[in-house]
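Bear in mind that the values in this text are calculations on the coordinates, not laboratory data. In this text, all values refer to a predicted model and were calculated from it rather than measured experimentally. Every residue, glycine among them, receives a Cβ derived from its backbone with ideal geometry; neighbour counts consider all protein chains shown.
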Amino acid sequence: MATLRAIPEREWIEFTRLKAIVEATDGNLGSHIATLETAGYIRVEKDFVGKRPRTRVCLTRSGRIAFSKHVEFLRTILDGAATQNGERKETP
């Protein structure tokens, strides 16, 4: 999910920039990108700049929705844990 979080909405981001943001190896990030593309959460575009290959990714609408739902699910878990520990629930 760090990969989805790092991709700006409605923008393309290059593989090398994304790799630096999420601090992943080429192979690890490549695997994540393949999985996210298969799920339809990102679009991948491969081309060349001069003679150098370039890979860029863009978050899809379904990717944004899935990420938002995941974040909401995690908040629900944290809110439940806070309630069980007697902590007061804070509203963001």
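Based only on other Cβ atoms within 10 Å, what is the fewest-to-most ordering of 51, 19?
Working: 51 5, 19 18.
Ranking 51, 19 by Cβ neighbours within 10 Å, fewest first, gives 51, 19.
From helices alone, the chain scores -17000 deg cm²/dmol at 222 nm; the rule is -39500 (n - 2.57) for each run of n ≥ 4 DSSP H residues, then divide by the residue total.
Rounded to the nearest 10 degrees, the angle from helix 61-84 to the longest Cα principal axis of the chain is 30 degrees. Take the Cβ atoms of residue 77 and residue 43, set R0 to 30 Å, and the FRET efficiency comes out at 0.50.
In a DSSP loop and with at most 16 other Cβ atoms within 10 Å, the GluC sites (Glu not before Pro) in the stretch 3-92 are 9, 11, 23, 87, 90. A Cβ-based charge dipole, computed about the Cα centre of the chain with Lys and Arg at +1 and Asp and Glu at -1, lands at about 320 debye.
Given the C-alpha atoms of the stretch 2-81, compute the convex hull and give its volume per residue in Å³. Working shown, then result.
Working: hull volume 7.9 nm³, N = 80.
It is 99 Å³ per residue.
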